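The values are calculated or read from the model by the stated rules, or taken from the named source; none is laboratory data. Remember, predicted model here, so these are calculated numbers, not experimental data. Neighbour counts run over all protein chains shown; Cβ positions are idealised from the backbone, glycine included.
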Amino acid sequence: MAYSRNNRKKSINSFKWLFSLALLGAIAFLVITLEKDELDQPLRGFVTASDGDSLKMGSQQIRLLGIDAPELYQKCKFKNGKTWECGRVSHSRVSQLVKGKELVCIGDQYDRYNRLLAKCSVRDKDIGGILVLEGLAVSYRGSGDYLSEQKNAQRNNSGMWSGEFENPQDWRRNNPRN
């Protein structure tokens with residue numbers, strides 16, 4: 001009789017352990033599924049521009065996917081050698097494009113600074129595409145995005161393409177943050 005009571009107790013404990021494990025697995029699956037579904041949903045709202053390729057919507061930091069704008073303190077040169085503050089001009093243009101308008105941002109990845117990597121549009125106009133076309137940002141190296149806009153900006157000597165500039169990625173590497 002003691003033998004069957006021990007077996008029954010072991011069976012009940014094994015069942016509890018398996019049930020707990022299955023429950024934890026189901027909870028983990030739901031969390032992952034809900035997080036993925038949340039990322040698949042467009043983010044809508046009003047933003048402020050942090051710089052030429054970064055936005056803030058409430059507490060959410062957003063990095064415009066596929067473009068690289070000059071850094072805020074980066075300067076560029078016109079063909080005549082005169083410098084201009086291309087980083088500030090890029091920031092100003094983004095501010096102008098988004099001020100008082102609802103943005104729709106779609107993205108599902110985050111960068112190392114925990115910014116959502118997203119393509120954002122205002123009234124169906126892609127912010128990144130506008131900036132690259134106007135020569136106030138470049139196609140992010142290796143992304144393959146906005147290459148036709150960049151070729152048009154180069155051909156038309158728009159923005160940074162009207163003279164000399166250091167690629168923003170190179171500028172950051174040569175001017176590290178303190």
request  = Quickly run through region 129-178 and pick out the residues that are under 15 Å from residue 65 (Cβ atoms) and assigned to a loop (DSSP other than H, G, I, E, B).
outcome  = 137, 140, 141, 142, 143, 144, 145, 146
remark   = Among 84, 161, 171, the single one that is closer than 16 Å to residue 52 by Cβ, among the hydrophobic types (A, V, I, L, M, F, W, C) and surrounded by fewer than 17 Cβ atoms within 10 Å (Cβ to Cβ) is 84
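Every residue in region 54-67 that is more than 17 Å from residue 177 (Cα to Cα) and touching a residue at least 40 places away in the same chain (Cβ under 8 Å), please. Break it down into steps so the answer makes sense when it comes.
Let us first name the residues in region 54-67 that are more than 17 Å from residue 177 (Cα to Cα), namely 55-67.
Hits for region 54-67 are 55, 57, 60, 61, 62, 63, 64, 65, 66, 67.
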query = So which of 155, 177 ends up being surrounded by fewer than 20 Cβ atoms within 10 Å (Cβ to Cβ), at pLDDT below 95 and on the phi < 0 side of the Ramachandran plot?
reply = 177
task = Evaluate the following for residue 146: is it without any contact (Cβ under 8 Å) to a residue 24 or more places away in the chain and either within 19 Å of the chain's Cα centre (by Cα) or in the same structural domain as residue 77 (by TED's automatic domain parsing) (or both)?
result = no
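Okay, residues lined up against (1) within 27 Å of residue 78 (Cβ to Cβ); (2) in contact with a helix residue (DSSP H, G or I) (Cβ under 6 Å, 6 or more places away or on another chain); (3) in the same structural domain as residue 66 (by TED's automatic domain parsing):
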position: 100; (1), (2), (3): no, no, yes
position: 110; (1), (2), (3): no, no, yes
position: 137; (1), (2), (3): yes, yes, yes
position: 155; (1), (2), (3): yes, no, yes
position: 166; (1), (2), (3): yes, no, yes
message = I'm trying to understand the selection: among the residues of region 97-114, which are under 16 Å from residue 45 (Cα atoms) and not in a strand (DSSP E or B)?
response = 97, 98, 99, 100, 101
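Condition check: modelled with pLDDT under 95 and under 30 Å from residue 162 (Cα atoms). Does residue 81 satisfy that?
On the way: modelled with pLDDT under 95: yes; under 30 Å from residue 162 (Cα atoms): yes.
When the stated conditions are applied, residue 81 passes them.
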